[in-house]
Amino acid sequence: MRMKDKSGLVTAAASGMGRAGAILLAREGAKVCIVDRDAAGAEAVAKEIRDAGGTAFAIGADLRDSKASTEIVARTVAEFGALDYLWNHLGHPGPAAVEDLDWQDFDIAVDLNIRSQLATTIAALPHLRARGGGSVLFTASTSGMSASQFSPVYSGMKAGVIGLVRGLAKRYAKEGIRVNAVCPGPFDTPMARDFVDRKDQPATKGQDREALVQKFGSSTAMGRAGRPEEVGYAALFLLSDEASFITGAHLPVDGGLTA
Ligand SMILES: NC(=O)c1ccc[n+]([C@@H]2O[C@H](COP(=O)([O-])OP(=O)(O)OC[C@H]3O[C@@H](n4cnc5c(N)ncnc54)[C@H](O)[C@@H]3O)[C@@H](O)[C@H]2O)c1
């Protein structure tokens, strides 16, 4: 078992890649707290894990709320007695606009792409330190590696996540706390659908949503979108002790998109 006796939490885990990764972590022996704004969805994933013999519980929380980051870490430690890993999977498409930018949309995107991840990591650090080390994973994006003209703001924020990961990795390496990022390419999840047809995206206005999703997915070298568990397996590896000499890395899981 690759995560035997490891306790931790996954944000945005009621759906998509977070859900798939949480199920894989539990299958490999991890105790998992499933965090999501969709409380019923989070509980459904936790139940699925428990029904399969794993250990999980759910917390319904909106991570835009600045108190939520501290609470989810505290509740995970209260339930499992320790914290060994954290996967900050939450993200948000944010505005597509540039000159017509709505600064409120920008602030929401900062909160959901960077601030809550950093706040949850800060809350986790003393607990990881108490265990003599641990592993933190952020979900960035290939958009933070090779940007798109259609998403300058999202690209900037995800590049910021990669920079944050590198800095945190160097800051905490000597304490045995590893910090890495996974960079998904196109994945057909609810968020990807929100991403391709944002109302303030002039490039795709009036176009068929399904066709856009298909085009987004076929942009990889493999010509297909990823399957959620393909990010889940990358997360499992980076969170496990198998990645013990890897910190500050950002791993594309993108079917060759950024090759
Ligand atoms: N789907 C893609 O193609 C793609 C590509 C690159 C990166 N990503 C990144 O992957 C991550 C999630 O993507 P996904 O495709 O797995 O998403 P998804 O749409 O399958 O799931 C997103 C989850 O986040 C939850 N959520 C949304 N806002 C929240 C909030 N304020 N507080 C708590 N939970 C909240 C939703 O309820 C949902 O369960 C994000 O970081 C995203 O930027 C996605």
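The table below gives the values:
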item	result
Region 1-148, relative contact order in percent, only Cα pairs under 8 angstrom and at least six apart counted	22
Per-residue [θ]222 nm for the chain (sum of -39500 (n - 2.57) over DSSP H runs n ≥ 4, rounded to 500)	-13000 deg cm²/dmol
Set of region 148-189 residues, backbone N closer than 17 Å to the point 7 Å along the Cα-Cβ line of SER218	186-188
Long-range Cα-Cα pairs in the chain (distance over 26 Å), rounded percent	36
For region 186-246 and region 1-61, distance of Cα centres in Å	21
Per residue accessible area in Å² of region 83-165, where ligands, DNA and RNA are left out and the probe is 1.4 Å	38
Degrees separating the helix 39-51 axis from the principal Cα axis of the chain, which is the longest one	50
Heavy atoms of ARG19 accessible to a 1.4 Å probe, total area in Å² rounded to 10	80
Probe 1.4 Å, all protein chains present, accessible-area order of TRP87, TRP103, largest first	TRP103, TRP87
Probe 1.4 Å - accessible area at LEU236, Å² to nearest ten	0
Accessible-area ranking of LYS170, LYS4, largest first, probe 1.4 Å	LYS170, LYS4
Helix axis angle, 68-80 relative to the chain longest principal axis, alpha carbon, degrees	40
Accessible surface, 1.4 Å probe, highest first, among residues THR55, THR142	THR55, THR142
Solvent-accessible surface (1.4 angstrom probe) belonging to LEU128, in square angstrom, nearest 10	0
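The values are calculated or read from the model by the stated rules, or taken from the named source; none is laboratory data. Remember, it's a predicted structure, so these values are computed and weren't measured experimentally. In this analysis, Cβ positions are derived from the backbone assuming ideal geometry, glycine residues included, and neighbour counts consider all displayed protein chains. In case anyone asks, the SASA skips ligands and DNA or RNA and just uses the protein heavy atoms, side chains included. Shrake-Rupley method; radii C 1.70, N 1.55, O 1.52, S 1.80 Å.
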